[in-house]
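The values are calculated or read from the model by the stated rules, or taken from the named source; none is laboratory data. Just so it is clear, the structure is predicted and the values come from calculations on it, not from any experiment. So basically every Cβ, Gly included, is an ideal-geometry build from the backbone, and we count neighbours across all protein chains shown. For the accessible areas, the whole protein counts, side chains as well, though only heavy atoms, and no ligand, DNA or RNA atoms are used. Shrake-Rupley method; radii C 1.70, N 1.55, O 1.52, S 1.80 Å.
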Amino acid sequence: MTKIRSWLITGGAGFIGSNFVHYWCRQYPNDKVVVLDALTYAGNRNSLVTLEGQANYSFVHGDITDQSLVESLLRDQQLGGIVNFAAESHVDRSITGPDAFVSTNIVGTHRLLEAARKVWLTEGMASDHRFHQVSTDEVYGSLGNDDPAFTEEHSYQPSSPYAASKASADHLVRSYQHTFGLQTTISNCSNNYGPYQFPEKLIGLTICNLVRGKALPIYGTGKNIRDWLFVEDHCRGIDRVLRAGQSGGTYNIGGGTELTNIELVQRLCDLADEVIGASPELQARYSESPASKGVPCSSLIEYVSDRPGHDWRYAVDISYIERELGYRPQTNIEQGLADTLQWYLANESWWLAVMDGSYQQWIDSQYATSDSSLGNGQPS
Ligand code: NAD
Ligand code: TDX
């Protein structure tokens, strides 16, 4: 069991990071939490606004590639743990602009490791310390329909620049544990969904588009499969790893619900038809939604060109973390989707504010330049 009570949470203004900061401050109100975030397009300080002013919480606007900043935070604030959520996280963006992925995901992780090594090991500040890397199942590559789910022993076969950058970071983390004795853990999780997700990923995008009567783009055949994990379950999983995981350990965290993309979008459409259809207040607020006009939201579904190199299927085997640390997801997909839809319906000001002009331009450019010759990512 860890004795660490003071944490640097990098990328804490992003989707999973902000959910984790709320979770941690609720669970462990006496712990010190310092958030370091560069506030890229995906970072939003508003997601943490309810914590502002709390004695044990502080926010630092800065970059994880700034090693001297990280060193002084660890030293001056006497921080014994780092949980690294900071990343460029969207696969589509890694295809159009991989440089930022190399800089933040690889170089940034390396700078954090160096800062931790210097302050905790060389200067000897923290004999009990922990560097936790939040990683992804995408490092393992793509599965066929009948393949067994990814275990921790699965070889690394990343397909996209995003996945390759996360794989590199994982290797660096392991090398610092093996070579220098830094106490590290890694968790590789499946697709998260829930509140505060920037609406460029499938679930957030689908909800924000269907309430505005905008197209719901489905890449390729829509038959690619993802394993969906409610973000609060992910936070619980990381909690287990931080408190009881072995240094040098890797833990897969999955949600246990595999769906094709089209099944998932259809479920969200059906749910929105029901929820908005039953509420005159929501119909007035979201008057452009088909659900407000008695038309199914699924009428907005549009099949578009596939993502280049699109991984076919992800599925995570959670038996190791279940056996070792007692982790199990607690939120089933019905409840998780219903809660997520309710959150976006109630927080329109949050997602309208994050979807600024530059984001909309980027989305528009994706569809203007999509190339149908790139294949549908089905396994051969
Ligand atoms: P996100 O894109 O929503 O948030 C990333 C955060 O990192 C933002 O707040 C951003 O401002 C910050 N950031 C980016 N570059 C930075 C830099 N150089 N210095 C400091 N801060 C920086 O991402 P997310 O979906 O919350 O993902 C969090 C982590 O979980 C990432 O490491 C991602 O690879 C991993 N992950 C995400 C998912 C998922 O489904 N979203 C699944 C598996 C793993
Ligand atoms: O508009 C869309 N239409 C569509 O069909 C979008 C945005 C996505 N998709 C498809 C592509 C994927 O098969 O939906 C699936 C999910 O796509 P994303 O939400 O972009 O997630 P994915 O590419 O699976 O990667 C996610 O999970 C692993 C996160 O973005 C990563 O950060 C994480 O590591």
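Annotations for the structure displayed:
- Structural descriptor for the range 13-142: relative contact order 24 percent, calculated from alpha carbon pairs under 8 angstrom and at least 6 residues apart.
- Relative contact order for the range 116-231, counting Cα pairs under 8 Å that sit 6 or more residues apart, in percent: 26 percent
- Hz values of 3J(HN,Hα) by residue in the range 204-212 - Karplus curve (6.51, -1.76, 1.60), Gly and Pro given as x: x, 4, 4, 5, 5, 7, 5, 6, 9
- Accessible area of T50 (1.4 Å probe, protein heavy atoms only, ligands and nucleic acids ignored): about 100 Å².
- P(r) histogram, all alpha-carbon pairs of the chain included - 20 Å bins from 0, percent: 29, 59, 13, 0
- Accessible area, probe 1.4 Å, largest first, for residues S298, S94, S68: S68, S298, S94
- One Cα centroid belongs to the range 40-78, the other to the range 150-173; the line between them spans 27 Å.
- The phi torsions of the range 105-113, fed into the Karplus equation with coefficients 6.51, -1.76 and 1.60 and a -60° offset, translate into couplings of 6, 9, 5, x, 5, 5, 5, 4, 4 Hz, rounded to whole numbers, with Gly and Pro shown as x.
- Those residues of the range 164-200 whose amide nitrogen sits under 19 Å from the label point placed on T151, 7 Å along Cα→Cβ: 186-190
- W228 accessible area, assembled protein chains, probe 1.4 Å, Å²: 10 Å²
- The figure for E322 is an accessible area of roughly 70 square angstrom, using a 1.4 Å probe on the protein chains alone.
- Ranking of H22, H132 by solvent-accessible surface, largest first: H22, H132 (1.4 Å probe, protein heavy atoms only, all chains present).
- Given K3/K166; K214/K293; K166/K201; K3/K32, the pairs whose alpha carbons are separated by over 22 Å: K3/K166
- Kirkwood-based Rg to Rh ratio, the range 1-117, C-alpha trace: 0.97
- Label zone at D76, where the point sits 7 Å out along the Cα-to-Cβ direction: the range 99-119 residues whose backbone N lies under 17 Å: 115-116, 119
- Helical mean residue ellipticity (222 nm; -39500 (n - 2.57) per DSSP H run of 4+; nearest 500) of the chain: -11500 deg cm²/dmol
- Relative contact order of the chain, defined on C-alpha pairs under 8 angstrom at six or more residues apart (%): 17 percent
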